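Asker: Before I ask anything, here is the structure I am working with.
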Amino acid sequence: MKLETQRLLLRDINESHVEDILRIRSNEVINQFVLRNSPKNNYDALQFILTIKERTQNNQTVYLGIFLKDQPNLIGTICLWNFSEDRATAEVGYELLPEYHRQGIMSEALEAVLDFGFNELHLQEIVAITNKLNENSKGLLLKHHFILEEGKQNEGFPDNIIFSLQRASDHSYEI
């Protein structure tokens, strides 16, 4: 699968991206707001990639690497996952190497994935969960018209807040 924007290619990752996945998923700046088991080595990164490939093949996730069109290396990822049983709702997740922050890259990638989610997958709602201290992520979500779900809790993660975006009936999402 591949989505294209003005500056970016969003496409499937594979075994050739082991070092990039290791660099992204073990980055201290990214991980300060994410509770996860980060890969410690190439083997761990490869196992993650194989798991993602399996979940993609089983339609459990849409997981895309973020590439600048003029560069071969993966600089981030964005996904739709945690689909509801009726496949009307999914959660969006994203991460970007810090040297690419504040350049509009994730905004561009998110716009393409929202468009895909609403117009191709026919989702009715996309949810985003972020740490309450992650100002960049909160700003990104608000810019794209996500609404903070006051009072909703992310079970077991008291520092997280939940945002949601409903499918707009009066317009489609276009890049």
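Asker: Here's a check for you: in segment 70-97, which residue that is of a type outside the set (A, V, I, L, M) and under 18 Å from S16 (Cα atoms) is surrounded by the fewest Cβ atoms within 10 Å (Cβ to Cβ)?
Answerer: Out of the qualifying residues, it is D70.
Asker: Does A128 meet the test of being within 22 Å of Q57 (Cα to Cα), in contact with an Asp or Glu (Cβ under 9 Å, 6 or more places away or on another chain) and among the small types (G, A, S)?
Answerer: So A128 does not fit the description; no.
Asker: Against the definition (touching a residue at least 40 places away in the same chain (Cβ under 8 Å), of a type in the set (F, W, Y) and either buried (at least 19 other Cβ atoms within 10 Å of the Cβ) or not in a loop (DSSP other than H, G, I, E, B) (or both)), how does F67 come out, yes or no?
Answerer: Answer is yes for this residue.
Asker: Out of the residues in segment 54-84 that are in contact with a Gly (Cβ under 9 Å, 6 or more places away or on another chain) and of a type in the set (G, A, S), state the one that is nearest to L10 (Cα to Cα).
Answerer: G65
Asker: Are any residues in segment 120-137 part of a helix (DSSP H, G or I) and farther than 20 Å from I66 by Cβ, and if so, which ones?
Answerer: The answer is E135, and nothing else.
Asker: Given the conditions (1) out of contact with any Asp or Glu (no Cβ under 8 Å at 6 or more places or on another chain); (2) of a type in the set (A, V, I, L, M); (3) at pLDDT 95 or above, which single one is not true for L80?
Answerer: Just one mismatch for L80, condition (1).
Asker: Still on this structure, I have one more. What is the residue count in segment 98-130 for residues that are crowded, with 17+ Cβ neighbours inside 10 Å and among the hydroxyl-bearing types (S, T, Y)?
Answerer: Number satisfying all stated conditions: 1.
Asker: Please work out which one of (1) open to solvent by 90 Å² or more (accessible area, probe 1.4 Å); (2) modelled with pLDDT of 95 or more is the condition K138 fails and give its number.
Answerer: Only one criterion in (1) open to solvent by 90 Å² or more (accessible area, probe 1.4 Å); (2) modelled with pLDDT of 95 or more is unmet by K138, namely (1).
Asker: Out of the residues in segment 1-21 that are among the basic types (K, R) and outside any loop (DSSP other than H, G, I, E, B), which is most open to solvent (accessible area, probe 1.4 Å)?
Answerer: Out of the qualifying residues, it is K2.
Asker: Then there's this: So in segment 22-51, with the set limited to residues that are in a helix (DSSP H, G or I) and closer than 22 Å to N160 by Cβ, which one is least open to solvent (accessible area, probe 1.4 Å)?
Answerer: I24
The values are calculated or read from the model by the stated rules, or taken from the named source; none is laboratory data. Bear in mind the structure is a predicted one, so any value in this text is a computation, not a measurement. Neighbour counts run over all protein chains shown; Cβ positions are idealised from the backbone, glycine included. These accessible areas exclude ligands, DNA and RNA; they are computed on the full protein's heavy atoms, side chains included. Shrake-Rupley method; radii C 1.70, N 1.55, O 1.52, S 1.80 Å.
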